[in-house]
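Colleague: Sharing a structure here in structure tokens format.
The values are calculated or read from the model by the stated rules, or taken from the named source; none is laboratory data. Small disclaimer: the values here were computed from a predicted structure and weren't measured. Heads up, the Cβs are rebuilt from the backbone with ideal geometry, glycines too, and the neighbour counts pull from every protein chain shown. Ligands, DNA and RNA are excluded from the accessible area calculation, which covers all protein heavy atoms including side chains. Shrake-Rupley method; radii C 1.70, N 1.55, O 1.52, S 1.80 Å.
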Amino acid sequence: MCGRYALYGPQSRLREQFGVEPVPAWPDRYNIAPSQFAPVVSAGGGGERQIVQAKWGLLPSWVKEPGERAQPINARIETAAEKPMFRHAFGKRRVLVPASGFYEWALSGDHKQPWFIHPRGDEFFALGGLLEHWEGPDGTVLSYAILTMAANDLVAPIHDRMPVIVQPEDYAAWLDPGMTEADSVRALAGPFPSALMEAFRVGRAVGNPRSDGPGLVKPLA
């Protein structure tokens, strides 16, 4: 699964990485947690890419009351195309979720030890996500879920699942609402090479969603 991630660094690089303009300003985030708002990259009506703020926890348009069912933060890419909760967004509203790294927890003695996992070189990368629109009395609520897949060799000793990571050369196809064939979408989510990533233990403060700051991604001695 993916229950926390981070997004920090020069926002000018986001413009270059994702081909979006303009890039709205927001603070560095070292502990993005479920129910919080964060930027995602979607395809606009004319096909142009845009960054929008969305709430982490999917709320489909057909839900009558937000509290009547769970709002999942993750969806399994193997089954999302068939699940009523996810299938419309999987076919028509895929997004890229910009990230600098993500956290996973591994059992260590009597507690769970968090690890921070990110690409080597501190580059931004894109998690594969699904976007939904819900119309309420106060207007439109945008929400998203992050797709997950079987862990690669680096992540597997920590957790058996990891977020889908979309390669830059596949961004256009991933965002294309005309690509609706499930197998074609799943083919874009091949395992991210372990050799291009690193993982290290970090402090347990990341478990508190109110915690933030660069100290959360500092490796433990």
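Colleague: At 7 Å along the Cα-to-beta-carbon direction for both residue 76 and residue 50, put a label point, then send me their distance in nm to one decimal.
Modeller: 3.5 nm
Colleague: Here is a further query. Return, ordered by residue number, the residues of the stretch 28-49 whose backbone nitrogen is under 17 Å from a label point located 7 Å along Cα→Cβ of residue 179.
Modeller: 41-44, 47-49
Colleague: Please give the net charge around residue 191, taking every other residue with its beta carbon less than 14 angstrom from that of residue 191, where Lys and Arg add +1 and Asp and Glu add -1. Display every interim value, and only then the final one.
Modeller: Details: positive: 161, 186; negative: 78, 153, 160, 170.
So the surrounding residues net to -2.
Colleague: Per-residue ellipticity at 222 nm for the chain, helices alone: DSSP H runs ≥ 4 residues times -39500 (n - 2.57), over residue total, nearest 500 deg cm²/dmol? Don't jump to the answer; show the numbers that get you there.
Modeller: Details: 4 runs with 25 residues, N = 221.
The helix contribution divided over the chain gives -2500 deg cm²/dmol.
Colleague: Could you tell me the ratio Rg/Rh of the stretch 1-128? Both radii from Cα atoms, Rh via Kirkwood.
Modeller: Values: Rg = 15.9 Å, Rh = 16.2 Å.
In the stretch 1-128, Rg relative to Rh is 0.98.
Colleague: How much accessible surface area, in Å² rounded to 10, belongs to the heavy atoms of residue 183 with a 1.4 Å probe?
Modeller: 90 Å²
Colleague: In a shell of Cβ-Cβ distance under 13 Å around residue 180, excluding residue 180 itself, what net charge do Lys and Arg (+1) and Asp and Glu (-1) give? Present the calculation step by step, with values, prior to reporting the outcome.
Modeller: Details: positive: 87, 92, 93, 94, 186; negative: 176, 181, 183.
That sum, taken over residues with Cβ under 13 Å, equals +2.
Colleague: Could you check the simple spin-label distance between residue 106 and residue 156, using points 7 Å along Cα→Cβ, in nm with one decimal?
Modeller: With each label point 7 Å from Cα toward Cβ, the separation is 1.3 nm.
Colleague: Tally Lys/Arg at +1 and Asp/Glu at -1 over every other residue whose Cβ is under 13 Å from the Cβ of residue 204; what's the total? Let's see the in-between values first.
Modeller: Numbers: positive: 4, 112, 201, 218; negative: 110.
Counting the neighbours of residue 204, the net charge comes to +3.
Colleague: Run the reach check for residue 218 against lysines, Cα to Cα strictly under 18 Å, same-chain hits fewer than 8 apart removed. What comes back?
Modeller: Counting by Cα, and skipping residues close in sequence, residue 218 has these lysines nearby: 112.
Colleague: Give me the dipole magnitude in Debye, nearest 20, for the chain about the Cα centre, with unit charges on the beta carbon: positive for Lys and Arg, negative for Asp and Glu.
Modeller: On the way: 22 positive and 24 negative charges, 99 e Å.
Computed charge dipole of the chain: roughly 480 debye.
Colleague: With contacts defined as alpha carbon pairs under 8 Å and 6 or more residues apart, what's the relative contact order of the stretch 57-207 in percent?
Modeller: Values: 279 pairs, mean separation 43.2, N = 151.
Contact order relative to length: 29 percent.
Colleague: While we're on this one: Return the lysines within reach of residue 92: Cα separation strictly under 26 angstrom, same-chain partners fewer than 8 residues apart disregarded; answer none if there are no such residues.
Modeller: 55, 64, 83
Colleague: Could you pull out which residues in the stretch 134-169 have an amide N less than 17 Å from a spot 7 Å beyond the Cα of residue 200, following the Cα-Cβ vector?
Modeller: Backbone N within reach: 155.
Colleague: Work out from phi, with θ = phi - 60° and the Karplus expression 6.51 cos²θ - 1.76 cosθ + 1.60, the ³J(HN,Hα) of each residue of the stretch 89-100, listed in order in whole Hz, and give x for Gly and Pro.
Modeller: Computed from phi, the couplings for the stretch 89-100 are 5, 4, x, 10, 10, 7, 9, 9, 9, x, 8, 9 Hz.
Colleague: Can you figure out the FRET efficiency of residue 65 with residue 92, using R₀ = 30 Å and their beta-carbon distance, to the nearest 0.05?
Modeller: Values: r = 24 Å, r/R0 = 0.79.
So the FRET efficiency works out to roughly 0.80.
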